[in-house]
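The values are calculated or read from the model by the stated rules, or taken from the named source; none is laboratory data. Small disclaimer: the values here were computed from a predicted structure and weren't measured. All Cβ positions, glycine included, derive from the backbone under ideal geometry; neighbour counts span all protein chains shown.
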Amino acid sequence: MITYLFYFFSFLIVCSSFLVVFSNNPVHSVLFLIFTFFNSAIIFLLMNAEFLAMTLVIVYVGAIAVLFLFVVMMLNISESVLKEGFLKYFPFGLILIVIFISELFLVYNSDTIMIPDNIKINISEMTNLGFDNTKLLGLYLYTDYFIIFQISGFLLLLAMIGAIVLAQTDLSKIKLNSSINQKKIRKKDIIKLN
Amino acid sequence: MESLNFLALSSLIFSIGFLGIFINRKNLITILMSIELMLLSANINFIGFSNYLNDLSGQIFSLFILVVAAAEAAIGLAILTIFFKKSNSISVDTISRLKG
């Protein structure tokens, strides 16, 4: 049953990601991207990753896709010029993809690839102890993987600062309060008693 | 679930994203969306192997990929808006005019 559900939702993902790439209108592309993310959240649920499925919906659909939609609607793009040079680059990309997928199948069928037998964090063992998915992720994220977790938080801070600095317009055109001049003013300069 | 299933799915999505970078030379937004698709395929691969090997590490690294994807989208779209303001187009060909 789970396998058939997996096939169904994978089919939806592949179709909608094709439409993301090939549709002429960027707004349609973003909407199909959202559909792809919803379906892959369902795929994550089928693979027993509940927390990441919810995170995918919140982060991708709630933040990234809406950001894309804002940008697409903010920029005034004419649709006719967007697909120029399609036939020039399409065969080259197709050749590279055929090479890539055939390489992957050669690797999959070769005998030298082995599945590692030293499992670091055994999920079913921990689930029997009463840890569910979110609790288990939190347990290991804050202990074993703590440094990587901190670095990823720092990366997000850096991205936020970078986006603000990049999106800032020329400061000389904006009327702002000068806090230095405000501090310089004394009471006797502005209040006059007759 | 067999390992071939999610491997085939993730490699297909990766290929579609790769093709999207090639054919959308005039549209930088769709190129960014194709990069998101490729990162999603990496996520599917990690979580599929996490389920297949019964190991939680894949899910943890998938969380970090999610962080990187969010940062990349924010910076990329910010650069895109400045670029559109300067040159009034989002074609890849006009990016060659950028100079430091």
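Structure summary
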{"read-out": "Hey, residue A:113 loosely packed, with under 10 Cβ neighbours inside 10 Å and over 26 Å from the mean Cα position of the chain (by Cα) or not", "value": "yes"}
{"read-out": "Among (1) touching a Ser or Thr at 6+ places or on another chain (Cβ under 7 Å); (2) among the polar types (S, T, N, Q); (3) within 7 Å of chain B (Cβ to nearest Cβ) - the single one residue A:23 does not satisfy", "value": "(3)"}
{"read-out": "Exclusive hit being crowded, with 18+ Cβ neighbours inside 10 Å, more than 7 Å from chain A (Cβ to nearest Cβ), more than 10 Å from the chain's Cα centre (by Cα) and under 26 Å from residue A:48 (Cα atoms), set B:48, B:58", "value": "B:58"}
{"read-out": "Qualifying positions in the range A:38-51 - facing chain B (nearest Cβ under 7 Å), part of a helix (DSSP H, G or I) and either surrounded by fewer than 21 Cβ atoms within 10 Å (Cβ to Cβ) or in contact (Cβ under 8 Å) with a residue 24 or more places away in the chain (or both)", "value": "A:40, A:43"}
{"read-out": "Close pairs (6 angstrom Cβ cut-off, 6 or more residues apart or separate chains): under 13 Å from residue A:50 (Cα atoms) in the range A:119-145, modelled with pLDDT of 90 or more and not acidic (Asp, Glu) anywhere", "value": "A:133/A:51; A:134/A:51; A:137/A:51"}
{"read-out": "So residue A:7, is it under 30 Å from residue B:53 (Cβ atoms), at pLDDT below 90 and at the interface with chain B (Cβ under 9 Å from one of its Cβ atoms)", "value": "no"}
{"read-out": "Tally, over the range B:61-100, of residues that are under 20 Å from the mean Cα position of the chain (by Cα) and in a loop (DSSP other than H, G, I, E, B)", "value": "3"}
{"read-out": "Residues of the range A:146-166 satisfying the condition of being polar (S, T, N, Q) and within 17 Å of residue B:73 (Cβ to Cβ)", "value": "A:152"}
{"read-out": "Subset of the range A:137-194 [more than 34 Å from the chain's Cα centre (by Cα), of a type in the set (Gly, Ala, Ser) and in a helix (DSSP H, G or I)]", "value": "A:172, A:179"}
